[in-house]
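The values are calculated or read from the model by the stated rules, or taken from the named source; none is laboratory data. A quick note: this is a predicted structure, and the numbers were derived from the prediction, not measured. Here the Cβ positions follow ideal geometry from the backbone for every residue, glycine too, while neighbour counts run over all protein chains shown. Calculation scope for accessible area: heavy atoms of the full protein, side chains included, ligands and nucleic acids excluded. Shrake-Rupley method; radii C 1.70, N 1.55, O 1.52, S 1.80 Å.
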Amino acid sequence: MTPLAYTIAAALAGGVLAVLAAAFTLALHRSWVQRLVSFAVGALLGAVFLELLPHALEEGSPERVMLTVLAGLLAFFLLEKLVLWRHSHGHDEHRDDVDESEHDHALHAHGHDQGRSGLMILIGTAVHNFCDGVVIAASFLADVRLGVAATLAIVAHAVPQQVGDFAVLLHSGYTKRRAFAYNVSAGLATLVGALAGHYALAGMQQILPTVLAIAASSLLYVAVADLIPSLHRRPEPLETAKQALLIGLGVAIIAVVHASHAH
């Protein structure tokens, strides 16, 4: 298969299949959603530290790569602040909740808001999925095993993200059918981003280390700033042990992918 074929297949998996899995997951108990979050943390961290960063450091200047990661983390912090501010602007009664993630904020809210938060989450998810597509394209252009690892990590965090998106859309007054249709549409942005990334990056291999570093900062930020804090809401020893086991499983799967393509 060509890098383009791999990219298209992976983008479809990362986008539409994540929506389908999320729809199935909605029928599961809330505790299973938390299990997916724990697994996603491990997959994201594994992809960053076992695949993306090592490959970027091999291909580019270490100083530039690490500076890019630092700048990316700060940029994603400011971006999320902007989204949270826009989400809470004009809703004074929710201002105490702005430190929570978009999805958890919606899960704790009550009543409809005439679709405002639903529209915001659709826009944010579409942009996020587009960026995921670019990450997938850049990863497969660099190396097939890198692309596989990045795709696994993206799918792992996309599923709980899509579960949260459904909750926001339902809170905004959308029917389940409309919420599902809109999430599928937002999921297709992954394919659009993948195609755009492939054709934009194919002739510019020299900037791949920078793109991979930005991708690493994106996945690292999602894991550390959004997902891990949600796990801290269950501090009981037994629950912590389950979380640690699933995080380890996520890392292990990425490590297996890495080892199987090491040669």
At 0.36 nm per residue, minus the direct Cα-Cα distance, what do Ala75 and Arg233 gain on full extension? Give it in nm, one decimal, please. 54.3 nm
Using θ = phi - 60° and the Karplus curve 6.51 cos²θ - 1.76 cosθ + 1.60, what whole-Hz ³J(HN,Hα) does each residue of segment 186-199 get, with Gly and Pro shown as x? 5, x, 5, 4, 4, 5, 4, x, 5, 5, 4, x, 4, 6
Can you give the FRET efficiency for Leu4 and Arg86, using 1/(1 + (r/R0)^6), R0 = 35 Å, r = Cβ-Cβ distance, to the nearest 0.05? 0.45
Approximate spin-label separation Val256-Arg64, in nm, with each point projected 7 Å along Cα-to-Cβ: 3.7 nm
Given the Cα-Cα distance of Phe49 and Arg178 and 0.36 nm per residue of separation, how much length would full extension add, in nm? 42.6 nm
Anisotropy class of segment 209-263 from Cα gyration tensor, a/c 1.5 cut: oblate
Read phi for every residue in segment 168-173 and hand back ³J(HN,Hα) as whole Hz from Karplus 6.51 cos²θ - 1.76 cosθ + 1.60, θ = phi - 60°, with x for Gly and Pro. 5, 5, 5, 4, 7, x
By average Cβ neighbour count within 10 Å, what is the ranking of 4-10, 156-162, 238-244 from highest down? 156-162, 4-10, 238-244
At a Förster radius of 45 Å, what calculated FRET efficiency corresponds to the Cβ-Cβ distance of Ala196 and Thr240, to the nearest 0.05? 0.65
Take Met204, Met1 and sort them by solvent-accessible surface of the protein heavy atoms, 1.4 Å probe, largest at the top. Met1, Met204
Karplus (6.51, -1.76, 1.60) ³J(HN,Hα), θ = phi - 60°, over segment 203-211, in Hz, Gly and Pro reported as x: x, 10, 4, 5, 9, 4, x, 5, 5
